[in-house]
Structure formats: C-alpha cells, structure tokens
Amino acid sequence: MQAASHCYPLVHFSGRGRYSKLSNHSSVKILSLNWLPQKFDFNQGAQIQKILKSSKLKRFCVIPNSNDGYPSLSVSEEDTTASKKDTSTMEEWEYGGEAFLSKWSPPRYLWRGLSVLILAGQVIIRIIKGKIHWKNTLQQLERVGPKSVGVCLLTAAFVGMAFTIQFVREFTRLGLNRSVGGVLALAFSRELSPVVTSIVVAGRIGSAFAAELGTMQVSEQTDTLRVLGANPVDYLVTPRVIASCIALPFLTLMCFTVGMASSAILADGVYGISINIILDSAQRALKSWDLISAMIKSQVFGAIISIISCAWGVTTLGGAKGVGESTTSAVVLSLVGIFVADFALSYCFFQGAGDSLKNCM
C-alpha cells in the first residue's frame, strides 16, 4: 500500500517512440502519439484513457500497482483535452477530401457519353468472342431492313427528283446536258444515299431502340435479365448493333438505285433529256470506290445510331418523362454523329482534285 502512494516520473517526449528505464527495473516502451488514434486500457481503477494525436510535450507517470506488481500509466486531464482538439483537426484534414469526393457526382451528360464508349467496347469484345444471340439478331435485322425499305425508298425518290430539278435547270443553260447523269450519280453515291438513309433509320429505328431499352430500364426488366443469368448487352444491345451495320449498306444501295431512276424519269419527262443519256453519263462517271465508300459510310452510321440509341436507353432515369427525353436526345445526337462522321470519312476518302466528271463531258 505504501508503494502505491508514490508516483515516479517517466519521461518527457514529443512524439518519437523509444524505451525508458524505470527505477524499479521495469522497461516501458514509449510509443509515438502521432499514429495512435485508438485508446489504451490501463489497470488502475478500470479507467480508460484516450491518448490521441498530439504535437505538444506530455508528462506521464508510472504508479506501481499493488495488485499485480505491474506499472500503471496516468495522464493529466489537460493533456487529454488538448489531444482531443488536435485529433479533431487532423480528422477534418484527413476525411475532408474523402467526404467531398463521396458527395460529388459527375454531370449526367458526361457519364452518358462515357457509357457510349464503354458500351461500344463491350459490343466489340462480344462480337470478337462470338457471344451473339442469333435469334434476336435476325429479329432485329428484319425490323431494321425489310420493314424500313418503304420509307427509305420513298424519301430517296423525292430527294432525287428535287436535286434533278436544280441540276438540270442550271446545266441546260450551260449546254452540259450530258453531265447531268454523272453529277447526280456522284452526289447520290458519295453523300446523299448514305446520309439520307441514315437519317431515316435514325428517326425510325434509333428512336425505337432508345424507347424500348429506356422502358425496360425504368421498369427494371434489365435487372430481371441479370437475375435470370442473361447479360443485357448480349441479349439487347449486340443484336441491334449487328442488325444496323448489316442492313444499312443494302438500304443505301437500294436508295441509290431508286434515286437515280426517279431522277432519270423526271429529266426525261419534264426537261427532255433522254434516260439513256442520263444513265450513260452516270456509268462513265461512277467508279467502284464510290459505291464501296457509300457502303462503308452507311456501316459506320449504323453503328453510331444503334450504339447511341442503346446507350441512351439503358441509362434512362425518371419514368415515362425520362423515356421521352432519352428518345429525343438519342435521335438528335445520332444525327449530329452522322454529320460529323460523314465529314470525317469524306475528308479521308476523297482528297485532292477529282477527275470523275472528265469522262462524262
């Protein structure tokens, strides 16, 4: 009992760990307080003292315990209060940045744009690996191809006749009647047929893709597919992308044929330019690369339409209103993507001075 009344000063320290010898030949390790955010449980009176981070000098005392003979450590109340203040400051610095990042969320247009790239990569990987749902692909191919032929051909016929009116009026005044067919053929094969066909498909098929997938996302049908073990990308997205890339080149060729036919009939019936002259001029001006470039363009446009529409569909939020907004924005972005891609591909395919019209003069 007498030994318990004495208090032995231990050491002054400022945060570096070391060993110190006591007068009763017991060794106590002095730990660094800069990295001790937890608490220590000591024997005296079953009290729990919290030793937190500190940058000031502290005085500790070791009191021999009469029960078991081991030393007990005590700390002053003032030091504990100061340690709590220092700890709260350090915690604010440590967890402030983490709290800010946890509350921050990227803008919706940003993560939607990233979803287009991620979805495109997933589709390419699945096509390479052969993970294709063929039955669904054939259904989507029928929908994009045969069921879209009528509106595409009707649009191409009237666009061809409108261009014929403008070209024939001006070329007739210059005495270049034999060049009308070549100019129309080049315009249709290089630009009008792939672009007009893609615009029609974007309005008809792209909007349907976005609306369907958006409704499935809002009604949690895509989550049901995951529960059943089916990947929504394999079952919903990949077949639509493949169908669009296959169907659009054939639609483009059909639109080119109908557009040229309607232009020749109008030129012969209204302006008196023979159909044979139109077709012969077109045959001499056209090259195989013109039609190949049109098919490549249409494939790229089909991929843009399907991927953007599907990405906007699977990221739909907000019920029926969100489905309508996703459908509208998907069509608009698809059209913008078509025009941007058309410029880039035309710049790559047709550089320098052309000589296609020399053969039909």
(request) Show me 302-309, 209-216, 143-150, 340-347 ranked by packing, highest mean number of other Cβ atoms within 10 Å first. (result) 302-309, 209-216, 143-150, 340-347
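Using the heavy atoms of the protein chains and a 1.4 angstrom probe, tell me the accessible area per residue for region 149-233 in square angstrom. Please report the intermediate quantities before stating the final value.
Details: 3780 Å² over 85 residues.
On a per-residue basis, 44 Å².
Let me check I have the definition right: for region 261-341, take the eigenvalues of the Cα gyration tensor, multiply each by 5, take square roots. What are those semi-axes in whole Å, largest first? Write down the numbers at each step before the final one.
On the way: eigenvalues 345, 57, 11 Å².
After diagonalising the Cα gyration tensor, the semi-axes are 42, 17, 7 Å.
Given 0.36 nm per residue, what is the gain on full extension from Tyr235 to Leu117 after removing their alpha carbon distance, in nm?
40.6 nm
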(request) Would you tally the net charge around Tyr235, using a Cβ to Cβ cut-off of less than 12 Å, leaving Tyr235 out, and scoring K and R as +1, D and E as -1? (result) +4
(request) Just order 244-250, 264-270 by mean Cβ neighbour count inside 10 Å, highest at the front, would you? (result) 244-250, 264-270
(request) Starting from the Cα of Thr224, step 7 Å along the direction of its Cβ; do the same at Glu142; then give the gap between the two resulting points in nm. (result) 2.2
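The values are calculated or read from the model by the stated rules, or taken from the named source; none is laboratory data. No experiment lies behind these values; they were computed from the predicted model shown. Don't worry about glycine lacking a Cβ; one is built from the backbone with ideal geometry, like all the others, and counts go over all protein chains shown. Areas reflect the complete protein model, heavy atoms only, side chains present, ligands, DNA and RNA absent. Shrake-Rupley method; radii C 1.70, N 1.55, O 1.52, S 1.80 Å.
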